[in-house]
Amino acid sequence: MTIMKLRYFIPTIAAALTMMVGCSEDNDPHYLDAVRVSSSYVSLDVNGGSTSIKVTANGDWAFSKIFDQVTKNADGSSTTTKVETPSWLKVSQLSGGAGETEITFTADKTLDGRNTSLQINCGGKTQEINVIQGLSTVSNATCKEVIDGPDSKTYRVTGTCTAIANTSYGNWYLTDETGQIYIYGTLDKAGKEKNFLSLGIEVGDIVTVEGPKTTYGTTVELVNVTVVSIQKSLIKVDSLSIKDGKLPLEGGDIVAYLTCKGNGVSVEVPEDAKDWLAISSIKGNGVPTVTFHANRNEGGDRSTTVVFKTYNNGREYTSELAISQEGAIIDATIAEFNAAQVGNTQYRIKGVISKVDNASRGRFHIKDFSGETYVYNLADFESKGVKEGDIVTVVGKRDQYNETIELTSGVIEDITFVEEVSIAEFLAKPDSKDAYYKVTGTVKDLLSDKGAENDYGNLHITDGTNDLYVYGCYPGYGATGDARKGFVKAANIEVGDQLTMIGYKSTYNGLIELCGGIYFSHEKAK
């Protein structure tokens with residue numbers, strides 16, 4: 001899923017004190033013909049509270065929507081909308097008409113200063129109002145102090161760059177011995193955005209940054225930071241014996257060639273990877289090589305990140321290497337897929353597309369006899385012409401967003417296109433186990449075998465003129481053995497209900513049958 005780069009407006013208050021100096025009506029910026037304010041400078045107590053000013057306008061006026069508000073959607077995407085004020089500031093009235101209006105600014109207590117600039121529009125003219133609460137200061141802090149501190153406060157923090165998520169805007173992770181924070185936007189030396197690569201920051205570098213804190217969901221971020229200093233790491237992975245660090249399913253060795261300017265090299269393999277990845281040798285001094293050995297992979301795809309360390313003058317320097325290994329694809333029912341752990345293991349599931357949420361984005365629901373799951377952003381879904389009711393085989397990873405289980409990074413391996421037809425059209429089709437049809441009719445009767453319980457759901461459906469014998473109504477695709485039994489009763493399917501089935505056409509002793517018995521849906525009789 002992709003996080004959109006936000007533009008944050010952090011106004012400077014270097015000239016804030018000069019606003020309190022009186023000025024004449026001719027040069028005071030809060031005197032405009034269209035709209036005037038009794039004060040273009042609003043001060044709020046650091047302990048929280050309210051301050052009021054008066055707006056005098058000769059027509060309709062409104063605060064401009066200049067602040068980004070990001071909302072996460074249920075499908076994992078983000079929606080950015082413009083709002084009139086930052087989240088910490090409330091204004092009693094955001095628009096009004098001609099005449100004089102009193103508006104009140106309110107903010108809760110803050111541990112440190114914060115400020116912003118608002119805009120009022122009236123008759124094509126813009127009036128700016130500067131709001132300040134306390135005095136903004138820059139604090140030297142650890143990652144934990146940033147995490148525990150208030151939003152909007154500006155921090156200076158030093159840590160190691162442990163991962164880079166975006167090389168345009170400069171989104172990356174900064175870690176010290178107390179925790180980790182997310183750097184969401186990095187300004188270049190000229191203070192401009194989208195020029196991160198010019199800074200030369202790499203994983204393992206020790207970087208000091210300065211910027212305001214915000215919290216996005218549960219992620220603590222410093223936004224649009226200024227880089228104060230960069231101390232290059234004394235250890236670096238120069239090259240690998242296997243491209244991209246990806247080992248084959250059969251396992252084998254991978255060699256990392258390092259540059260090290262510190263004292264010695266140590267290597268850490270994460271605990272959860274030690275059962276399949278081991279260090280087989282460490283050789284050399286100035287240009288050391290580290291050889292890893294991976295066992296054969298009997299499961300799904302797996303990966304880990306190993307850490308190389310060196311020391312100099314009491315300081316630790318690190319570099320990281322991602323190692324992955326191809327795995328077997330695990331065939332699973334949807335219930336088994338839903339019960340699996342989130343990870344990189346590849347699963348193959350097969351079922352009926354029960355609902356399409358967004359064809360262009362490849363978002364849909366797939367169902368078999370055991371359950372249903374959500375497929376998120378499947379590649380080439382729309383171009384393949386797949387639709388609701390078709391039977392598909394999908395391969396992907398088990399993921400989860402909030403409470404929604406998802407198959408992600410998925411591809412379609414196989415498609416059985418299902419044609420929707422009337423009962424009359426179905427009766428006229430040729431017999432074939434390779435052609436599947438979706439047929440809807442009213443349940444005419446529920447049949448039993450010599451007085452026994454109708455375990456397999458044999459029944460007739462009708463359109464009022466034509467009848468069709470359904471040879472088994474099963475709970476979904478893939479049902480075998482006892483999994484086929486008892487579904488009609490469990491689903492409370494009764495005579496008179498509208499029933500939609502998927503199956504192929506066959507003829508037995510002159511009787512045309514819908515076989516395969518995949519239940520799709522039903523509606524109760526009114």
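The values are calculated or read from the model by the stated rules, or taken from the named source; none is laboratory data. No experiment lies behind these values; they were computed from the predicted model shown. No Cβ is skipped: glycine too gets one built from the backbone with ideal geometry, and neighbour counts run over all protein chains shown. Accessible surface is based on the protein model in full, side chains and every heavy atom, while ligands, DNA and RNA are left aside. Shrake-Rupley method; radii C 1.70, N 1.55, O 1.52, S 1.80 Å.
Descriptive notes on the structure:
- Exclusive hit being assigned to a strand (DSSP E or B), in contact with a strand residue (DSSP E or B) (Cβ under 9 Å, 6 or more places away or on another chain) and buried (at least 17 other Cβ atoms within 10 Å of the Cβ), set G457, G441: G441
- In segment 224-245 there is no residue matching the filter, namely being part of a loop (DSSP other than H, G, I, E, B) and within 29 Å of the chain's Cα centre (by Cα).
- Members of segment 415-434 that are part of a loop (DSSP other than H, G, I, E, B) and touching a residue at least 40 places away in the same chain (Cβ under 8 Å): S422, K429, P430, D431
- Residues that are over 19 Å from I423 (Cβ atoms) and among the aliphatic types (A, V, I, L, M) do occur in segment 490-513.
- Residues (more than 33 Å from the chain's Cα centre (by Cα), open to solvent by less than 40 Å² (accessible area, probe 1.4 Å) and over 29 Å from T186 (Cβ atoms)) located in segment 246-264: G252, V255
- The lone exception for F9 - which of (1) under 30 Å from T219 (Cα atoms); (2) part of a loop (DSSP other than H, G, I, E, B); (3) modelled with pLDDT of 75 or more it fails: (3)
- Only listed residue being in contact (Cβ under 8 Å) with a residue 60 or more places away in the chain, open to solvent by less than 70 Å² (accessible area, probe 1.4 Å) and under 17 Å from L240 (Cα atoms), chosen from I329, I323: I323
- In segment 281-290, the qualifying residues are those that are of a type outside the set (A, V, I, L, M, F, W, C) and outside any strand (DSSP E or B), and the one that is surrounded by the most Cβ atoms within 10 Å (Cβ to Cβ) is P288.
- Residue pairs meeting the criteria (Cβ under 6 Å; at least 6 apart or on separate chains; first farther than 20 Å from Q346 by Cα, in segment 376-401; second open to solvent by less than 40 Å² (accessible area, probe 1.4 Å) and polar (S, T, N, Q)): none
Let's see how each residue does on (1) assigned to a strand (DSSP E or B); (2) under 28 Å from A479 (Cα atoms); (3) open to solvent by 30 Å² or more (accessible area, probe 1.4 Å):
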residue: F337; (1), (2), (3): no, yes, no
residue: K355; (1), (2), (3): yes, yes, yes
residue: T373; (1), (2), (3): yes, yes, no
residue: G385; (1), (2), (3): no, yes, yes
residue: G389; (1), (2), (3): no, yes, no
residue: R398; (1), (2), (3): yes, yes, no
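- Any pair with Cβ under 6 angstrom, 6 or more apart, that starts in segment 127-152 at a residue that is farther than 21 Å from I53 by Cβ and ends at one that is open to solvent by 40 Å² or more (accessible area, probe 1.4 Å) and in a loop (DSSP other than H, G, I, E, B): T142/T178; C143/T178; K144/T178; P150/L111
- Candidates G464, G476, filtered to the one that is buried (at least 19 other Cβ atoms within 10 Å of the Cβ) and not in a helix (DSSP H, G or I): G476
- For segment 291-315, a residue qualifies if it is open to solvent by 50 Å² or more (accessible area, probe 1.4 Å) and over 18 Å from T158 (Cα atoms), and the qualifying residues are H293, N295, R296, E298, R302, S303, T305.
- Residue that is loosely packed, with under 13 Cβ neighbours inside 10 Å, over 30 Å from W172 (Cβ atoms) and either at pLDDT below 95 or over 31 Å from the mean Cα position of the chain (by Cα) (or both), where the choices are N47, N73: N47
- Selection within segment 101-133 - surrounded by fewer than 16 Cβ atoms within 10 Å (Cβ to Cβ) and modelled with pLDDT of 95 or more: E102, T104, T106
- Residue check, E202 open to solvent by 30 Å² or more (accessible area, probe 1.4 Å) and in a helix (DSSP H, G or I): no
- Against the conditions (1) farther than 30 Å from V265 by Cβ; (2) open to solvent by 30 Å² or more (accessible area, probe 1.4 Å); (3) not small (G, A, S), N344 satisfies every one except (1).
- Matching entry among S383, S409, S422 (being touching a strand residue (DSSP E or B) at 6+ places or on another chain (Cβ under 9 Å) and modelled with pLDDT under 95): S409
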